[in-house]
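Student: Here you go, one structure.
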Amino acid sequence: MAVSLRYIVQSIYPCFSRRGSLDYNSLDTPVLLIDKKIMEENLYFMQNYATKNKVNLRPHKKTHKTEYLARLQESIGAVGITVSKLEEAEEMAKFGIANIFITNQIVGESKIKRF
């Protein structure tokens, strides 16, 4: 499922117009602004490199901290997403990411029950 970055940005920042212009004065700081073209080029470069070398790409959530980009990565070929904590996995699952790898141990009765 392809995710439109323009849709994502418009839903997060209403100051981003449908024509692509941005009213910088209406942004609350701090704010991260990403060049869509460069970001997409990087995502496709990494996925193409992984595919060419017969490696499954499983990006880590800590790279971008957003479910939207995890979904975009999955839509272009990533096999899933990597997270550090159970809470992050739960967030990803709520957003529809199914293939989630948790890198740390799940310790504690309450977390084991949730797992």
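Laboratory data are not the source of any read-out in this text; all were calculated from the coordinates shown. Keep in mind the model is a prediction, meaning the values are calculated, not measured.
Student: With θ taken as phi - 60° and the coefficients 6.51, -1.76 and 1.60, list the Karplus ³J(HN,Hα) couplings across segment 88-94 in order, rounded to whole Hz; mark glycine and proline as x.
Tutor: Using θ = phi - 60°, the values come out as 5, 5, 4, 4, 4, 5, 4 Hz.
Student: For a quick check: with amide H placed at 1.01 Å from N, whose amide H comes under 5 Å from His60's, ignoring anything fewer than 5 positions away on the same chain?
Tutor: Thr82
Student: When all C-alpha to C-alpha distances in segment 37-114 are sorted into bins of 5 Å, what percent of pairs does each bin hold, rounded to whole numbers?
Tutor: Percent of Cα pairs in each bin: 3, 16, 26, 22, 16, 10, 4, 3, 1.
Student: Spelling out what I want: for every residue of segment 57-65, take phi, set θ = phi - 60°, compute 6.51 cos²θ - 1.76 cosθ + 1.60 (Karplus), and round to whole Hz; glycine and proline get x.
Tutor: Result, rounded to whole Hz: 8, 10, x, 9, 4, 4, 5, 10, 6.
Student: Considering only Cα-Cα distances, which of the following residue pairs are longer than 24 Å: Lys36/Lys85; Lys52/Lys94; Lys36/Lys65?
Tutor: Correct reply: Lys36/Lys85; Lys52/Lys94.
Student: Right, something else. Can you list the HN-Hα couplings for segment 100-115, worked out from phi with the Karplus curve (6.51, -1.76, 1.60; θ = phi - 60°), rounded to whole Hz and with x for Gly and Pro?
Tutor: Couplings: 10, 10, 9, 7, 9, 5, 9, 10, x, 4, 5, 6, 4, 5, 6, 6 Hz.
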